[in-house]
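Below: one structure, written as C-alpha cells.
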Amino acid sequence: MTKITVGLCAGTSCHLMGGMDLGTVIEELKVKLGDDLQVQKHTCLNQCRKGPNVMLNGMLFVGMTPEQLKNEILALHDREEENNHDTTGQ
Amino acid sequence: MTLQVNEVTKIRRKVMTETARLHWNGNLIKEIDQLPERLTAEHEHRYRCCEFKEKAIYAERIKLAMGLSLAPEHAKKRLSTLARHSLTHSHEKNRSQVEVIDIACDGCPIDKYFITNACRNCLGHNCQQACRRGAITIVGNQAYIDQSKCVECGMCRKACKYGAILEVHRPCEAACPVNAVIADQNRKAIIDNGKCTDCGNCMVSCPFGAISDHSQLLKIIDWLKGEEKTVAMVAPAIIGQMGQKEKLGPLFQALKQLGFDRVEEVSFGADLVALGESEEFANRVPVKDPYMLSSCCPAFVKFVKIHRPGQAEYLSTMVSPMVAMAKTLREDLPLAKIVFIGPCVAKKREAMESKVVDGVLTFEELAALFVAADINLATMEEAQEEASKASKDGQGFAAAGGVRAAMVNGIKRFADADFRGGSAQGLEECLAQLKLLEKSEASFNFLEGMACSGGCLGGPGALVDNRQTKRFLDVRGSQLECQNSGDNRLAIEKLKDLGHSLHKSSKK
Ligand code: FES
C-alpha cells in the first residue's frame, strides 16, 4: 500500500499567501490517488514568513506553488509505487 | 476568471502585512526606511533589472499601503517623513482611489495589431486589400503593418486566412470597461479620473502589479489602539474569505481580538435596503418612472452618473447596505469609529462621501492586519457565532442576482406591483442592459447592476475564488433562521424608525 501524507497549513498567514490554491491541488489529487493520499490540516507550521507551507510525509516544504506541490506529490507517489514493486517482486 | 494568488499578489500582500506589522508594534517611524531593503533581501526572485529599481518599487508600494498618493511631491521624501505625515494628516479628499506605480509599469506594447511569422506571404494578400488605410506592405517575405497609418480597425486580422495577425491588448486597458486606462507618451498606463468608476478591475489584471489603491491600514490601527470605540461592519461577501468555510465564529472572535468593540453584519443593512427599495419601487414604477436601477454597488452608481447621465434619475434613492447599517449604529454610537470590511475598492470613496462610515478595509487588507497582529483564525475553529440579525435575502446581496432575488420577495408586500427584475454583472453587461432599458426594449423594469463579475464575491479585494465562496454563502444562507427580508421583524421596525434618512435625497 502506498501512503503519502500531506498536511496543508491552514493558518491565516499561509492563507493570505495562497494556501487555498494548494488546497485545490490537494483536492484534485485526492480524487486521483484516493486512499493513497492522506490529507491533514495544520494550524501553523511556524514558518509563516515563508508561506504558503505544507508538510509532505513529515517533511516541511515552504513557499510552495500549486504546480510545485502537484509535482512533488506525484513524484513521491511514483517512487513509492516503484519501491512497492521491488519488494513484492523479490 | 479563476482567482489565483500569483507572485505580484504575494508581493502586494507582503508589503501590506509588513507595513501594518511595523505600525502595530509601534516601530513604523523607526524602521520603515529599512523596509524596502529588507523585503528585497527576503524575496529571492528578482523581477527587475536591478536591486535599485526593485527597492524603489517597494518604496512606492509602501506609500500606497500607508495610504499616501504617489504624487510628485512625495517622490523624493524619506518613507519615515511620509509616515509621520500620514499619521498626523487626514488623507487628501478628491484624489484618485486607484493609482499606477509608474516605475513598476512595464509600458506594455501598444501596437494593437502585428503580423507574426505565421504569415505565408500568400498570393491573395487579403490583409492588404482589407486595409482601407494602405497600412500594410509586403517587406521581404512577409506582410508588415506601418503603425503610423494603422487605425486599429482589425479588418486585416479578420481577413487573414492563416490567423497570422495578432491582436494585443494591454491587460489593464482590456480590463477597464470604461476606457479609463490610457497610455501616456512613454507608453505607461495612466488613469483618467474623469472616467474611472473605482471598480478596481485594472488592479487585479496587471501582471506587473503596477496598479494599486490606497490602504487605510495605518489610521485603522491607530483607532484600534486608541481610546475610541470601534465597530467592524463586515460585508456579506466575507463568508468563506478567511478559510473557515461558512463559519463566521472564528472571524468575529479574531476581529474582537484585534480590538474592535463590536462586530456587525452588513447583511442586516441589506435587509433594510431590500425592504426600502421594494417600497420605493412600488411607489415609482410604473406610475412615475418607467423603470428603476439598484443603488447598492458604488461603482455601478458612479458608472451610471458619469457614463449614462440621462439614466441617473432612475437610480434608487436608497443608500447602500453599508451606509444603512452605519446609520442604524450611529444612533447609539455617535462617536465610534465605524470600519466597513468588504471586497470592494469603490466603497472607499463611497464611505468617505457618506460621512457615516469612517474607514474601509478590503478582505485582503484585513487578513494582512490579522497576520501583522499575530492573529491566526485556524486556531479558533471552535468559536461560536451569535444568531444573525439578517435574513438569507440580505446576505444574498453578496452574489450576482441576490439583490433581484431579495426584491422579488420584498415586493410581495405590495399586491398589485408589477415587478420584473433583471440583473447584470460586470460593467459591460450593465451597459448593454441600460441601453435596452433606454430603448424600452427590456423585458424587465428593475435592474440590479453589479460592477464585478460574480457580484461582490468577485470583487478586487476578495481572497477566495467566487465559485467557492458562493457555495459557502448558500450553505450559511440555508441555515439562517429568517429567510426573507419581509419576515425580518427587527429590520421592519428599524426601517420605520430611520425611514427617510435612508434615502439619499433627504437632508437628514
Ligand atoms: S500560518 Fe502557515 S506557517 Fe504559520
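The values are calculated or read from the model by the stated rules, or taken from the named source; none is laboratory data. It should be emphasised that the depicted structure is a prediction, and the values quoted were computed from it without experimental measurement. All Cβ positions, even for glycine, are placed from backbone atoms using ideal geometry, and neighbour counts span all protein chains on display. Heads up: the accessible areas ignore ligands, DNA and RNA and are worked out on the full protein's heavy atoms, side chains in. Shrake-Rupley method; radii C 1.70, N 1.55, O 1.52, S 1.80 Å.
Given a Förster distance of 22 Å, report the FRET efficiency between B:Ala41 and B:His74 from their Cβ-Cβ distance, rounded to the nearest 0.05.
Here the calculated transfer efficiency is 0.35.
Based on the Cα coordinates of region B:113-167, what is the per residue volume of their convex hull in Å³?
Cα-based convex hull of region B:113-167, divided per residue, equals 66 Å³.
With θ set to phi - 60°, apply the Karplus curve 6.51 cos²θ - 1.76 cosθ + 1.60 along region A:35-42 and write out the HN-Hα couplings as whole Hz, x wherever there is a Gly or Pro.
5, 5, 10, 9, 10, 10, 9, 10
Give me, ordered by chain and number, the residues 5 or more places off B:Leu315 or on other chains with an amide H under 5 Å from its own placed amide H.
B:Leu293
Averaged across orientations, what area in nm² does the convex hull of the alpha carbons in region B:377-508 project?
11.0 nm²
Let me check the size of chain A from its C-alpha atoms; what are the radius of gyration and Dmax in Å?
Computed over the Cα atoms of chain A, radius of gyration and Dmax are 13.7, 48 Å.
Please list the three semi-axes, largest first and in whole Å, of the ellipsoid equivalent to the protein assembly as shown, using sqrt of 5 times the eigenvalues of its alpha carbon gyration tensor.
After scaling each eigenvalue by five and taking roots: 38, 35, 28 Å.
Considering only the other residues whose Cβ falls under 13 Å of the Cβ of B:Ala432, what net charge follows from Lys and Arg at +1 and Asp and Glu at -1?
In short, -1.
State the three equivalent ellipsoid semi-axes of region B:219-500, derived from the C-alpha gyration tensor as the square roots of 5 times its eigenvalues, in descending order and whole Å.
Equivalent ellipsoid of region B:219-500: 31, 19, 18 Å, largest first.
Round to the nearest 10 and report in Å² the accessible area of B:Thr328, as given by a 1.4 Å probe over the protein chains' heavy atoms.
10 Å²
Compute the signed sum of charges (Lys and Arg +1, Asp and Glu -1) over the other residues within less than 11 Å, Cβ to Cβ, of B:Ile165.
The answer is +3.
Considering only Cα-Cα distances, which of the following residue pairs are longer than 21 Å: B:Lys63/B:Lys219; B:Lys14/B:Lys347; B:Lys195/B:Lys435; A:Lys50/B:Lys14; B:Lys245/B:Lys302?
Going by Cα-Cα distance, B:Lys14/B:Lys347; B:Lys245/B:Lys302 fall outside the 21 Å limit.
List the residues of region B:338-381 for which accessible area in the full set of protein chains is at least 40 Å² lower than for the chain on its own; 1.4 Å probe, protein heavy atoms only.
Residues shielded by partner chains are B:Val371, B:Asn376, B:Ala378.
Roughly speaking, to the nearest percent, how much of region B:359-508's 1.4 Å accessible area is carbon and sulfur?
48 percent
Nearest 5 is fine: what % of DSSP beta bridges in the protein assembly as shown come out antiparallel, could you say?
Among the beta bridges of the protein assembly as shown, antiparallel pairing accounts for roughly 45 percent.
Grab the other residues whose beta carbon is less than 14 angstrom from that of A:Cys48, score K and R as +1, D and E as -1, and report the net.
The answer is +3.
Please compute the modelled spin-label separation between B:Lys30 and B:Gln479, points set 7 Å along Cα→Cβ, answer in nm with one decimal.
Spacing of the two 7 Å Cα→Cβ label points: 4.3 nm.
Treating each Cα of chain B as an identical point scatterer and ignoring solvent, apply the Debye formula and state log10 I(q)/I(0) at q = 0.06, 0.13 Å⁻¹.
Each listed q maps to, in turn, -0.32, -1.25.
Express in Å², to the nearest 10, the accessible area of B:Asp487 obtained by rolling a 1.4 Å probe over the protein heavy atoms while all chains stay in place.
Accessible surface of B:Asp487 is approximately 100 Å².
Taking H placed 1.01 Å from N in the peptide plane, check which residues at least 5 places from A:His42 or on another chain put their amide H under 5 Å from its amide H.
For A:His42, the qualifying residues are A:Leu8, A:Cys9, A:Ala10.
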